[in-house]
1. Please list, by residue number, every one of the trypsin sites (Lys or Arg not before Pro) in the stretch 40-82 that is coil in DSSP and has at most 16 other beta-carbon atoms within 10 Å.
2. Report the Cα-based extents of the stretch 496-538 along its three principal axes, largest first, to the nearest Å.
3. For the chain, which whole-number percentage of the solvent-accessible area (1.4 Å probe, protein heavy atoms only) is attributable to carbon and sulfur atoms?
4. For the stretch 337-384, divide the Cα radius of gyration by the Kirkwood radius and give the resulting Rg/Rh value with two decimals.
5. What Kirkwood hydrodynamic radius, in Å, does the stretch 75-122 give when the mean of 1/r is taken over all pairs of distinct Cα atoms and then inverted?
6. Kirkwood hydrodynamic radius (Cα pairs, Å) of the stretch 265-424?
7. Please work out the Kirkwood hydrodynamic radius for the stretch 97-211, using every pair of different C-alpha atoms, and report it in angstroms with one decimal place.
8. Using only the Cα atoms of the stretch 198-244, build the gyration tensor, take square roots of its eigenvalues as a ≥ b ≥ c, and label the shape rounded, prolate or oblate: rounded if a/c is under 1.5, else prolate if a/b is larger than b/c, else oblate.
Amino acid sequence: MRHRNHALYLTRFPLQLENGQTVECTVAKYFQDKYKIRLRYPHLPCLQVGQEHKHTYLPLEVCNIVAGQRCIKKLTDTQTSTMIKATARSAPDREREINTLVRKADFNNDPYAQEFGIQINNQMTEIRGRVLPPPKIQYGGRQAIPNQGVWDMRGKQFHTGVEVRVWAIACFAPQKMSREDALRNFTQQLQRISLDAGMPIIGQPCFCKYAQGADQVEPMFRYLKTTFQGLQLVMVVLPGKTPVYAEVKRVGDTVLGMATQCVQAKNVNRTSPQTLSNLCLKINVKLGGVNNILVPSIRPKIFNEPVIFFGADVTHPPAGDSKKPSIAACVGSMDAHPSRYAAAVRVQQHRQEVINDLSSMVKELLMQFYKSTRFKPNRIVFYRDGVSEGQFLTVLNHELRAVRQACVELEPGYQPGITFIVVQKRHHTRLFCADKKEQIGRSGNIPAGTTVDVGICHPTEFDFYLCSHAGIQGTSRPSHYHVLWDDNGLSADELQQLTYQLCHTYVRCTRSVSIPAPAYYAHLVAFRARYHLVEKEHDSGEGSHHSGNSDDRAPSAMARAVLVHNDANKVMYFA
């Protein structure tokens, strides 16, 4: 069903009369003549239904929307958060709900279940889980020990903090929304927090101006780059959701290779230490710093020789879109900690899950690893996100081969051991504490680090569930890890410990996240590339699927659009 954005008294269609003659008629006149309905809102658009060539138009006022339908289009951010709030249930509530549903379903008296001799236990399966110990986190001179998946940076400084000497502010929020004194106060507070964090932002910004609209971004950034030698950072103040964001990232990441940090006007007007601290976490890595590392002595023994960690993900366009490309992203670690990552990204065929060009992406990242560390990795650990069970074999056959091929193309006979793990979050397994005393926090979830590899896992394959994050809202969804290939002979314990430790290396927050950092970064890179594809005269790449008209461009133009500037890819521009 499509809109016709013409008023009803303007929308004309060919009407065939009884004598066979065809005349032009307006929708309003047709309804008056045929149904004796005088339309109350003839100025509103109408709905076009059925096949386009049949010209069937309905006024909105004669239509009723059938209740209870599922919206399959992409929701806006507000709709998404409202939906989450409405459906979130604490773990004990969710458990009760599931038990009630099973009782009501009364499966054991179902004639079909009886016919097949199937009996369903009304009690949840009880299994033994373990809670893995968290790794210690090393900061500059001090260590942090996570507690329930969370730790604090207060009183600690970045492992390697960057000194910010040349920086600019571009305010795209109108002056009445973000006044000059608010910008001044924000700058002072940010400098105070950044100094505490060991990333001093020194002196006044070299430039601070108001601007309006996405078309001012590129000229302003070009001016900044040519005028201020050694400019390190542009802080961009935004007035909420705006097409300016996509343009800032397009110009900063792909055209000029400049580090940009966006911040909402509301967070400038009312600063909070938490928000400012989070900004510093992002700024430091965008400028090539290292926030923290895993304490080397507690890492698994796979770290004893050079190892590279890859994360890969493919993001698809929203439901209802039939043209936009899918975006494949791959990141690789660039140091021994591992804390710094570089990215490779490609556009590929609409809704294709297998990564087409993985071989050249891996080759790029291996070469960058060698330039960074002067080592060739002896082992590769590859976390692949977003593959469903039905695609395991296809993905393994194509992508494992692609990784092997990348190694051999770099150097004949180069065959590092590969461990290939699929990470799944979209499944329906939920874990609940059998003992109420073990429930954590207000949401009553299982503790961070809970791992299960018996009872509910595959009878013959190597898989496990690990809930690496502290559930704040709703019921935690444990991530499911499926080891599709392992040349490195990792034991279940080693791999679980390694995976859990990598969940603590995500730079954007001081908490353990729900999937390993490399897989998370791949997701961020693909998501950022979506913004790079948005053409500047269009919207911010969100919401309605008619927007950001990247559908009809040639594949080569889209491939160029997602290509990141060399200077940006030397640092974690996607953080």
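The values are calculated or read from the model by the stated rules, or taken from the named source; none is laboratory data. Note that the structure is predicted; figures quoted are calculated from it, not measured. In this analysis, Cβ positions are derived from the backbone assuming ideal geometry, glycine residues included, and neighbour counts consider all displayed protein chains. Accessible surface areas use protein heavy atoms only, side chains included; no ligands, DNA or RNA. Shrake-Rupley method; radii C 1.70, N 1.55, O 1.52, S 1.80 Å.
1. Taking the stretch 40-82 and a limit of 16 other Cβ atoms within 10 Å, the loop trypsin sites (Lys or Arg not before Pro) found are Arg40, Arg70, Lys73, Lys74.
2. On the principal axes, the stretch 496-538 reaches 47, 18, 11 Å in Cα extent.
3. Roughly 51 percent of what the probe reaches on the chain is carbon or sulfur.
4. 1.01
5. 13.3 Å
6. It works out to 17.6 Å.
7. Kirkwood hydrodynamic radius for the stretch 97-211: 20.5 Å.
8. Judged from the Cα gyration tensor, the stretch 198-244 comes out oblate (a/c at least 1.5, b/c at or above a/b).
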